[in-house]
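Q: One structure follows; several queries about it will come next.
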Amino acid sequence: MAATIFVLNGPNLNLLGQREPEIYGAGTLADLEKRVAAKARALGLTADFRQSNREGELVDWLQEARTGADGVVLNAAGYTHTSVAIRDAVLACDKPVIEVHLSNPYAREDFRQHSFISDIARGVICGFGPLGYDLALDAIADITRS
Ligand code: CA2
């Protein structure tokens, strides 16, 4: 059976393509979802793509991944830099979680240079725009096969 990967996106990513294209690109969240679906199909994975502006909903989905997913690609957006609750949910998840960012937070403001997720994630991919999601799915496909 195809492995199921939750692709979880945090606050404000619903605005992709509408503001700050110089940082996040011109594509919309719907474009990103299509790209992720195509990449997952090519890898024989099922991608369950979701976005929420609510911290608790992201926590609920990470808990759901314990039984409902084989791995998680997580762009927690601004919560990356603030959320102990999301860190705890990643720790409790017991599935490989790959942290992804469209931009490179290390080339940006100081407050973006701490992540509550990076040290407990299976890996971190940032700075490659939507390609980062493809790379994360490549990694998850490799991990779930082995
Ligand atoms: O680069 C990323 O993917 C980020 O996770 C995006 C977050 C930011 O807080 C992180 O430091 C890095 C922000 C997402 C906001 O998305 C917008 C998209 C379009 C217009 C405005 C915001």
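Values in this text are rule-based calculations from the coordinates and carry no lab data. In this text, all values refer to a predicted model and were calculated from it rather than measured experimentally. Using ideal geometry, Cβ is built from the backbone for each residue, glycine included, and neighbour counts are taken over all protein chains shown.
Q: Restricting to the range 63-85, give me the number of residues that are away from the ligand (no atom under 11 Å from the Cβ), of a type outside the set (A, V, I, L, M) and without any contact (Cβ under 8 Å) to a residue 40 or more places away in the chain.
A: 4
Q: Now for a separate question. Considering only the range 5-27, state which residues are outside any helix (DSSP H, G or I) and either in contact with a Cys (Cβ under 6 Å, 6 or more places away or on another chain) or closer than 19 Å to E99 by Cβ (or both).
A: Answer for the range 5-27, where residues must be outside any helix (DSSP H, G or I) and either in contact with a Cys (Cβ under 6 Å, 6 or more places away or on another chain) or closer than 19 Å to E99 by Cβ (or both): I5, F6, V7, L8, N9, G10, P11, N12, L16, G25.
Q: Shifting gears a bit: Can you name the residue in the range 37-54 that is part of a helix (DSSP H, G or I) and surrounded by fewer than 18 Cβ atoms within 10 Å (Cβ to Cβ) and, of all such residues, is nearest to the chain's Cα centre (by Cα)?
A: Per the criteria, the residue is A37.
Q: Okay, next question. Output the residues belonging to the range 87-108 that are among the aliphatic types (A, V, I, L, M), farther than 14 Å from G68 by Cα and outside any helix (DSSP H, G or I).
A: If the condition is that a residue be among the aliphatic types (A, V, I, L, M), farther than 14 Å from G68 by Cα and outside any helix (DSSP H, G or I), then I98, V100, L102 are the ones that fit.
Q: Condition first: on the phi > 0 side of the Ramachandran plot, within 12 Å of the ligand (Cβ to nearest atom) and either among the β-branched types (V, I, T) or not in a strand (DSSP E or B) (or both). Can you find one or more residues in the range 28-36 that meet it?
A: no
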